[in-house]
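Notes to accompany the following structure.
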Amino acid sequence: MNFDVLFARAKAKGIEDVQIYLVNRNELSIEVFDGELDKYEIADTTSLSIKGLYNKRMGSFSTEVLDDSLIDTIVDQLIANASIIDSLDEAVIYAGDPEYKKLEGLYNPELTNLDVAKKIEHVKALDKLFHDADPKVSIVETMYSESTRTVILQNTKGLRLENKVNSAMIGGQIIVKDETDQRTSFDLAISNDFADFDLNKIAKEAVTAGVRKLGAKPIPSKECEVILDKDALATLFSAYQNVFSAEAVQKNLSLLKGKLGQTIGSSLVTVVDDPFMKKSSRSRSFDDEGVSTKYKALIENGVLKTYLHNLTTAKKDGVESTGNGFGTSVAAVNLAILPGEHSYDELVSSIQDGLVITDLQGAHAGANPVSGDFSLQASGFVIENGKETKPVALITIAGNFLKLLSDVVAVGNDTKTGYYGITCPSIKLKGIQVSGI
């Protein structure tokens with residue numbers, strides 16, 4: 001589509017400013033089930049979102065058809081949509097920032113150009129490693145997904161930006177069982193460098209974790225010291241990540257309302273949004289509104305430093321946008337809890353009578369983003385005299401998100417970016433309520 005023609009016709013019909021947001025995605029998905037190729041899909045999709053400012057209201061239009069014959073329809077729909085908008089929020093097309101950080105290494109052509117047959121071989125090899133690791137492994141589903149995403153943002157104020165990233169994820173889910181029990185386990189690795197995928201490590205960690213869970217049982221209810229391992233912490237944070245959104249704060253949907261500048265956690269807790277994280281498919285130098293992204297501490301040494309803003313929420317609060325406007329929402333790019341000084345083994349050895357929680361379930365149903373209260377089903381291992389001993393399951397941990405942040409007494413250095421795109425280390429809590437038998 002000729003965007004210059006679109007812009008000219010929109011201006012001719014009284015639309016003050018227009019912005020296009022073009023996204024092209026190339027995706028590859030491979031799945032192997034018990035040694036056999038079960039899925040192989042390649043998809044190439046393009047989507048175009050247009051917004052136009054008409055009588056100080058913003059109209060929008062989305063399409064996957066990039067044909068000049070659609071231009072008049074787009075212009076008419078922008079006017080029609082803007083005419084029925086009731087919101088009193090002042091709409092704006094952004095003129096741009098003086099500087100946008102140049103990001104290196106987000107697109108790796110070697111990953112894209114690697115023969116698909118090699119990728120399938122890798123997934124099958126991981127499947128075999130899962131099966132060969134232990135005779136208790138009964139079912140294996142191994143997967144590989146890869147995505148290349150190109151974004152172009154252009155508007156009538158002369159702004160034109162482009163961002164291209166790619167990334168892949170490889171991992172698998174297994175079922176292990178013995179004569180009396182069966183358990184599931186899952187592990188993955190994310191990178192845009194194929195050389196980073198250590199299949200032996202993925203298989204060993206997933207199988208070891210699964211076998212160790214066999215025979216897990218609930219324990220008596222108590223309050224005790226707890227380690228939330230990096231995967232469990234990422235699951236919990238996924239349920240609360242929206243509390244940092246200024247939009248949620250302004251709508252009274254965040255427990256952080258009114259707490260800016262206050263201490264809300266332990267001095268050991270620092271949470272950042274890092275839009276420049278290497279090898280992350282989320283990383284970018286601008287948001288969907290054309291605002292430059294910024295590395296920022298949301299919580300610094302326990303103190304709430306900022307909310308995440310788009311142009312609309314920033315204007316309401318009289319601040320600058322933080323570059324976190326995506327679609328119709330406000331969100332972090334790469335949410336990360338910064339690591340501490342302790343190894344995972346040091347965290348475990350520091351507890352005489354407690355638990356390590358490795359899995360949490362029901363986070364989005366059992367966590368309240370307004371009150372901060374949560375009650376989640378959990379599993380993990382008992383810690384006795386500084387050692388992990390018997391597996392535990394069918395227990396529930398309950399508490400409050402802010403109290404949990406305040407109760408952090410040690411932070412691990414074992415960070416990992418997990419399935420939710422959140423990077424976490426393991427943390428030690430001085431106490432949490434555990435409900436069992």
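The values are calculated or read from the model by the stated rules, or taken from the named source; none is laboratory data. Note that the coordinates shown come from a computational prediction; the quantities given were computed from them, not determined experimentally. Positions of Cβ are generated from backbone atoms using ideal geometry, with glycine treated the same way; all protein chains shown enter the neighbour counts. Side chains are part of the model used for accessible areas, which takes the heavy atoms of the whole protein and leaves out ligands, DNA and RNA. Shrake-Rupley method; radii C 1.70, N 1.55, O 1.52, S 1.80 Å.
At-a-glance table
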read-out	value
Residue in the range 321-343 that is surrounded by fewer than 17 Cβ atoms within 10 Å (Cβ to Cβ) and touching a Pro at 6+ places or on another chain (Cβ under 9 Å) present	no
Selection within the range 77-92 - farther than 11 Å from residue 54 by Cα and touching a residue at least 40 places away in the same chain (Cβ under 8 Å)	89, 90
Which numbered condition residue 205 misses (of (1) buried (at least 22 other Cβ atoms within 10 Å of the Cβ); (2) more than 15 Å from residue 331 (Cα to Cα))	(1)
All positions within the range 287-320 that are part of a loop (DSSP other than H, G, I, E, B), open to solvent by less than 10 Å² (accessible area, probe 1.4 Å) and touching a Leu at 6+ places or on another chain (Cβ under 8 Å)	290, 291, 302
Cβ-Cβ under 9 Å pairs, at least 6 apart or on other chains, the range 95-116 side β-branched (Val, Ile, Thr), far side assigned to a helix (DSSP H, G or I)	none
Residue 351 of a type in the set (A, V, I, L, M), outside any loop (DSSP other than H, G, I, E, B) and in contact (Cβ under 8 Å) with a residue 40 or more places away in the chain	no
Boolean, residue 406 is within 29 Å of residue 172 (Cα to Cα) and not charged (D, E, K, R)	no
Qualifying positions in the range 168-206 - in contact with a helix residue (DSSP H, G or I) (Cβ under 8 Å, 6 or more places away or on another chain), small (Gly, Ala, Ser) and assigned to a strand (DSSP E or B)	168, 171, 172, 185, 189
Candidates 50, 30, 20, 15 - the one that is open to solvent by less than 60 Å² (accessible area, probe 1.4 Å) and assigned to a loop (DSSP other than H, G, I, E, B)	15
Considering residues of the range 117-153 that are surrounded by fewer than 20 Cβ atoms within 10 Å (Cβ to Cβ) and under 30 Å from residue 286 (Cβ atoms) only, the residue farthest from the chain's Cα centre (by Cα)	152
Filter result (within 18 Å of residue 118 (Cβ to Cβ) and either open to solvent by less than 10 Å² (accessible area, probe 1.4 Å) or within 22 Å of the chain's Cα centre (by Cα) (or both)) within the range 173-197	189, 191, 192, 193, 194, 196, 197
The listed residue being assigned to a loop (DSSP other than H, G, I, E, B) and either without any contact (Cβ under 8 Å) to a residue 24 or more places away in the chain or in contact with a strand residue (DSSP E or B) (Cβ under 8 Å, 6 or more places away or on another chain) (or both), out of 421, 380	421
Residue tally, condition within 20 Å of residue 40 (Cβ to Cβ) and either free of Cβ contacts under 8 Å to residues at least 40 places away in the same chain or part of a strand (DSSP E or B) (or both), over the range 119-138	1
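Here's the yes/no breakdown for (1) open to solvent by less than 10 Å² (accessible area, probe 1.4 Å); (2) modelled with pLDDT of 95 or more:
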residue: 219; (1), (2): no, no
residue: 227; (1), (2): yes, yes
residue: 247; (1), (2): no, yes
residue: 261; (1), (2): no, yes
residue: 266; (1), (2): no, yes
